[in-house]
Amino acid sequence: MRVALSTTAIQRGKSGVGQYVFALTRALLQAPGGPELLLLVLEEDRPLFEFAADRATILPVPEHNRSAVRNILWHQFALPRILRREKVDVIHIPTYRRLLFRAPCAKVATIHDLAPFHVRGKYDFARMFYGRVVVKRLARRQDEIIAISTSTARDIERFFGIPFARQNLILNGIDHARFRPGDRAAATAAAASRWDLHAPYFLFISRLEHPAKNHVRLIEAFTRFKARTGSNWLLALGGGDWHGVEHIRAAAAASPCAADIRFLGFVDDPSLPDLYRAAETMVYPSLFEGFGLPPVEAMACGCPVISSTRGALAEVVGDAALVIDPEDVANISAALESAGEPALRDRLRAAGLANARRFDWGQNAARVLRAYQKALASR
């Protein structure tokens, strides 16, 4: 079976979709009886897929197709011709933003979330219209849909009218060889050296997006925490700039604790596990997630987690996190204060390690292959 995977919406690897594509590619290449894999890769992204170069065919996509509008047009008009030329059996589109209207082969799509239906102002008008109206019609034309959480699957049923039973529920996974407990002293030294984190710190890993990721309320809660406790703890915000970043940076600059709020920028994959291991607590106050990988990654590294339960986060963190109301600054602040208790952190650390074991790409690869086979059979 020849399977093509579109990777052109990974945003240079700095997004959740990017991490999904990398993990899926590795899993498919390692899966027994895996497909002949063709990766459609933007020219400047090719170095990101060197790990697959000797086991998959990499088909370059001209760089001028990177922008959202041109990328959508490339998917609708150029990609079908490539699929026909390459005699592809199944095309997998890993994001709802690029779903195909038609193709000469079976179509499989992964939908991570339907945030435009939940978070007001998440995108501009054009993108909100596309996500709410256009994608609804495109989703119904796919042969198989993969939903990455029960929450997302229910949303697809509710907003797109595609029955839950017709979808493939395949949870995200993490690479347990990378995300695992390690030498905390060495991790702490690395965090201090690279990011000047010389004191205990709360960690939030997410792109700097406002309002969806809820950085502003977290900064307000951290400011209250510092005023109440006089603690020397820091707040470390790891992630690249995104829509609304100016509001986040303004909130940090206006805080009396501005000197203790650190913007780490995008954290590369090799550095991420040590950043989790060195953190005292991971805080994830997002207003909505279709899954939410960072809390699971942190748990797998032995880092206690404070988390919202919006969207899929309730099923992802289970009872292994200290739960917060992401719209209640006082509640977030109280949770930060509670995290100062070593006994609570020890309990969360043990529960998190157990919870993280549920998410394994080794098992998921077989489920994705079955979705491909179902799509092919339906054609």
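The values are calculated or read from the model by the stated rules, or taken from the named source; none is laboratory data. As the structure is a computational prediction, the values presented were derived from the model and not from experiment. Quick reminder, even Gly has a Cβ in these numbers, built from the backbone with ideal geometry, and neighbours come from all protein chains shown.
Brief remarks follow.
- Meets criteria (within 24 Å of H210 (Cα to Cα) and part of a loop (DSSP other than H, G, I, E, B)) for R120: yes
- Listed here are the helices (runs of 4 or more DSSP H) enclosed by segment 1-91 that have at least 1 residues being touching a helix residue (DSSP H, G or I) at 6+ places or on another chain (Cβ under 8 Å): 16-30, 68-73.
- Breaking point among (1) at pLDDT below 95; (2) assigned by TED's automatic domain parsing to the domain that holds V316, for R178: (2)
- Members of segment 271-314 found to be in a loop (DSSP other than H, G, I, E, B), crowded, with 24+ Cβ neighbours inside 10 Å and out of contact with any Gly (no Cβ under 8 Å at 6 or more places or on another chain), listed by number: A279, P285, S308
- Residue within segment 150-166 that is on the phi < 0 side of the Ramachandran plot, touching a Ser or Thr at 6+ places or on another chain (Cβ under 9 Å), at pLDDT 95 or above and assigned to a loop (DSSP other than H, G, I, E, B) present: no
- S338 being hydroxyl-bearing (S, T, Y), out of contact with any strand residue (DSSP E or B) (no Cβ under 9 Å at 6 or more places or on another chain) and farther than 30 Å from E36 by Cα: no
- Segment 213-224 - residue that is more than 13 Å from R249 (Cβ to Cβ) and surrounded by 23 or more Cβ atoms within 10 Å (Cβ to Cβ) and, of those, nearest to the chain's Cα centre (by Cα): K213
- Leading residue by the ranking (nearest to D241 (Cα to Cα)) among those in segment 193-212 that are of a type in the set (G, A, S) and surrounded by fewer than 14 Cβ atoms within 10 Å (Cβ to Cβ): S193
- In the set (1) more than 19 Å from the chain's Cα centre (by Cα); (2) at pLDDT below 95, the condition left unmet by P116 is number (1).
- When G290, G302 are checked against the criterion of being at pLDDT below 95 and either under 20 Å from L234 (Cα atoms) or not assigned by TED's automatic domain parsing to the domain that holds A153 (or both), G290 stands alone in meeting it.
- Within segment 62-91, residues that are assigned by TED's automatic domain parsing to the domain that holds A103 reach partners that are surrounded by fewer than 13 Cβ atoms within 10 Å (Cβ to Cβ) and in a loop (DSSP other than H, G, I, E, B) with beta carbons closer than 8 Å, at six or more positions or on different chains, in the pairs P80/R102.
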